[in-house]
Amino acid sequence: MSSEKCDQSSNCQTCNQTGTCSEEEKGSHEQARLAATMALVKHKFIVLSGKGGVGKSSVAINLAVTLAKEGFTVGILDADIHGPNIPMMMGVEKKRLVGNQDGLMPIKTESGVMVMSIAFFLRNKDDAIIWRGPLKHGLIKQFLGEVFWGSLDYLIIDLPPGTGDEALSTAHLIKDVDGAVIVTTPQEVALLDSRKSITFCRQLQIPLIGVVENMSGFTCPHCNQSIDIFKVGGGEKAAKEMGVPFLGRIPLDPDMVMSSDNGIPFVHKYPESTAAKEFQKIAQSWRLLLEGNATRKAKVVHC
């Protein structure tokens, strides 16, 4: 069948000429649309961790808000399909999506960050997503190609723990990922798994921006004494041993837990806190890696 009457820039699922295209042509149109959408995004990053419970999503949203506060246009894609927490942590879980001729519109938060997540499609927040790999791949492809992100300086993709379907799909769909940020805690168990994330990125030739050590030390509010609840320095040591930049360490702060539960990004509510200043330093280090590269690619540390 001929596709001469088909508007190849439109969504194949809503195009009134979709019947004139073969499945192969539809696949080609979807790929072209994805490429065109991602071409409007200057920098695309993934945030991942080897295991759960290290505060990866907290790091992702607070880095996104930090960049937005500095005047950049930022989007965050919640690619954790089975545990989509970003909308709740950003205070937009009750929002509903709308679309237009350009596609689905991401939800804009009070901090200015654009958000997309499968959580917006759930009828009940307790609903479980019980999907295999192909369905997850298809959804991530839609989130990247059929969501109208517009012109962004940064798109941060928050991946689920591990190196499974979602991470592979994202790497394959976005051919020019600017880099990956690995989040870990100082514990040996978390460090063991973070090394696997580094190896994953190298095998898929994803540039490594660096390692962030989260929950690194705690300052007692009563005596101001520093307490290393989960140890300290392990992330920096692992980064050095693996030949990866160390971006910084985020201290453990109970207010970060409370602000996330209340849907208010920590750096937005506590901009003068020690942790917020650390996020600023990490964001600056992140940007310096980009500014030092004329091709707008993050510097790669190869094995």
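In table form, for the structure just shown:
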{"quantity": "Over the chain: helical MRE at 222 nm, DSSP H runs n ≥ 4 each giving -39500 (n - 2.57), nearest 500", "calculated": "-11500 deg cm²/dmol"}
{"quantity": "Degrees between helix 188-203 axis and first principal axis of the chain (Cα, 0 to 90, nearest 10)", "calculated": "40"}
{"quantity": "Amide H contacts under 5 Å for Ile250, placed H, 5+ residues apart", "calculated": "Glu213, Asn214, Met215, Ser216"}
{"quantity": "For the chain: relative contact order, % (alpha-carbon pairs under 8 angstrom, 6 or more apart)", "calculated": "22"}
{"quantity": "Neighbour-count order for Cys201, Cys220, fewest beta carbons within 10 angstrom listed first", "calculated": "Cys220, Cys201"}
{"quantity": "Relative contact order [Cα under 8 Å, 6+ residues apart], the stretch 138-205, whole percent", "calculated": "28"}
{"quantity": "Calculated P(r) of the chain - Cα pairs past 29 Å, %", "calculated": "35"}
{"quantity": "Crossing angle, helix 133-145 versus the chain [Cα axis fit, 0-90 degrees, rounded to tens]", "calculated": "80"}
{"quantity": "Cut-off 20 Å (backbone N to label point 7 Å along Cα→Cβ of Cys220), residues of the stretch 238-261", "calculated": "251-255"}
{"quantity": "Between helix 274-291 and the chain: long-axis angle, C-alpha atoms, 0 to 90°, nearest 10", "calculated": "50"}
{"quantity": "Most to least packed among 269-276, 83-90, 136-143 [average Cβ atoms within 10 Å]", "calculated": "83-90, 136-143, 269-276"}
{"quantity": "Ranked list, fewest to most other Cβ atoms within 10 Å of each Cβ, for Arg33, Arg132", "calculated": "Arg132, Arg33"}
{"quantity": "Neighbour-count order for Ile174, Ile182, Ile250, Ile229, fewest beta carbons within 10 angstrom listed first", "calculated": "Ile229, Ile174, Ile250, Ile182"}
{"quantity": "Inter-site label distance for Lys281 and Leu97 at 7 Å from Cα along Cβ, in nm", "calculated": "3.9"}
{"quantity": "Selection from Met256, Gln280, Thr73 lying farthest towards where the dipole of the chain points positive, charges on Cβ", "calculated": "Gln280"}
{"quantity": "FRET efficiency estimate (nearest 0.05) - Cβ-Cβ, Phe148 to Asn124, R0 30 angstrom", "calculated": "0.65"}
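None of the figures in this text is laboratory data; all of them are computed from the coordinates on show. Only a predicted model underlies this, so the values are computations on that prediction, with no experimental measurement involved. In this analysis, Cβ positions are derived from the backbone assuming ideal geometry, glycine residues included, and neighbour counts consider all displayed protein chains.
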